[in-house]
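S.K.: If you scroll down you'll find the structure; I have some questions about it.
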Amino acid sequence: MLENIERIFICGDIHGELEISKLNTSSFPEQKQFKDDNNIVFQIGDFGIIWKNDPDNTEKHWLKWLDSKPWYTLFISGNHDNHDRLDKYPVIDFYGGKASQISEKVYHLKSGYVFNIANKKFFVFGGAESVDKELRIEGRSWWRQEIPDYKTMQLGLKTLEDNNWTVDYMLTHTLPHNFIHFLDEHRFGSNVQYKYNDPVAKYLDNVFDVMKGGYKNISVGISIWIKNCLIIYESYIMILLKSFNKNVHFY
């Protein structure tokens, strides 16, 4: 299925139908050049299409729309996702990691695994703390599983250890804690202080401390480079995968 990938794109939050226009032909014109399905869009959290507690016509429409596109959509967990629903899908082995198939060409990548795709290693660790959870309703618009549990965090460390703490890309939804401080000190964005106590951000700090440069790029769901880190929300950048002469695009 993903053996002869031509292009890989990485996309930030789409929040279901609210921002899925990021993937239409006007916002994402490169897709017009795709000749077949041998392409991937990594969506790095707040996928949001699986949102309501029961599937509805809106969900079915957008999944069918994604299935019609000339790529496979591989998404990771964010904090604006219905984790109760996502946890109920069967888990399958998927290119070195674990995933759930949501529809024909849409897959949910589980946190804590390294996926071997297109001769590259992608470490996935989703989730983040919702700063507005007090305004949300548990089980309807907020889910405790937005913070990966201890077992998942330990799995991530063990997976990286098994890979000699070296991967090509880290796909996360939130920033490492130290990067949040960097943003605050250099006045990128606004009010980033509210992320200081995010357990996922602190966990990613620990991962970085152990890896000591054993990663090449980290992509997180929010658009600036910081020490090999690309914060994505609405922009994209192309990176050449020299090992097999294909391209990865950040979108």
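What follows draws every value from the coordinates through simple rules; no lab data is involved. The shown structure was predicted, so the numbers you read here are calculated from the model rather than taken from an experiment. Neighbour counts run over all protein chains shown; Cβ positions are idealised from the backbone, glycine included.
S.K.: Which pairs break 18 Å Cα to Cα here: K69/K98; K110/K158; K52/K202?
M.R.: Beyond 18 Å between Cα atoms: K69/K98; K52/K202.
S.K.: Let me ask you something else. Output wanted: per-residue J couplings in Hz (rounded whole) for the range 140-157, from phi through Karplus 6.51 cos²θ - 1.76 cosθ + 1.60, θ = phi - 60°, x for Gly and Pro.
M.R.: 10, 9, 8, 9, 4, 5, 4, 9, x, 6, 4, 4, 5, 5, 5, 4, x, 5
S.K.: Roughly what would the spin-label model give for D36 and D149, points 7 Å off Cα along C-beta, in nm?
M.R.: 4.2
S.K.: Amide H neighbours of I117 under 5 Å, at least 5 residues apart or on other chains, H built in the peptide plane: list them.
M.R.: For I117, whose amide H was placed from the backbone, the distant partners under 5 Å are F122.
S.K.: Taking H placed 1.01 Å from N in the peptide plane, check which residues at least 5 places from I102 or on another chain put their amide H under 5 Å from its amide H.
M.R.: Sorted by chain and number, the residues that satisfy this are Y107, H108.
S.K.: Still on this structure, please answer the following. Compute the length gained on full extension between N57 and D162: take 0.36 nm times their separation in residues and subtract their Cα-Cα distance, giving the result in nm to one decimal.
M.R.: Extending this stretch completely gives an extra 33.6 nm.
S.K.: Moving on to the next point. Report ³J(HN,Hα) in whole Hz for each residue of the range 67-77, in order, from the Karplus equation J = 6.51 cos²θ - 1.76 cosθ + 1.60 where θ = phi - 60°; Gly and Pro get x.
M.R.: Karplus values, whole Hz, x for Gly and Pro: 4, 7, 7, x, 7, 9, 9, 10, 10, 10, 6.
S.K.: When the gyration tensor of the range 42-189 is built from Cα positions, what are the square roots of 5 times its three eigenvalues, in whole Å, from largest to smallest?
M.R.: Its equivalent ellipsoid spans semi-axes of 24, 22, 15 Å.
S.K.: How about the range 111-163: which trypsin sites (Lys or Arg not before Pro) there are in a DSSP loop, with at most 14 other Cβ atoms within 10 Å of their Cβ?
M.R.: Those that pass, being in a loop and sparsely packed, are R136, R140.
S.K.: Give me the distance in nm between label points sitting 7 Å out from Cα along the Cα-to-Cβ direction at E104 and D132, one decimal.
M.R.: Spacing of the two 7 Å Cα→Cβ label points: 3.5 nm.
S.K.: How much net charge surrounds I147 when only other residues with a Cβ under 9 Å from its Cβ are counted (Lys, Arg +1; Asp, Glu -1)?
M.R.: That works out to -3.
S.K.: Ok, one more. Give a residue-ordered list of calculated ³J(HN,Hα) values for the range 23-33 (Karplus: 6.51 cos²θ - 1.76 cosθ + 1.60, θ = phi - 60°; whole Hz; x for Gly, Pro).
M.R.: For the range 23-33, the Karplus-derived couplings read 9, 7, 5, 6, 7, 10, x, 4, 4, 5, 8 Hz, x marking Gly and Pro.
S.K.: Still on this structure, please answer the following. Work out, step by step, the length gained on full extension between N206 and S27: first 0.36 nm times the residue separation, then minus their alpha carbon distance; give nm to one decimal.
M.R.: Fully extending the segment from N206 to S27 adds 60.8 nm.
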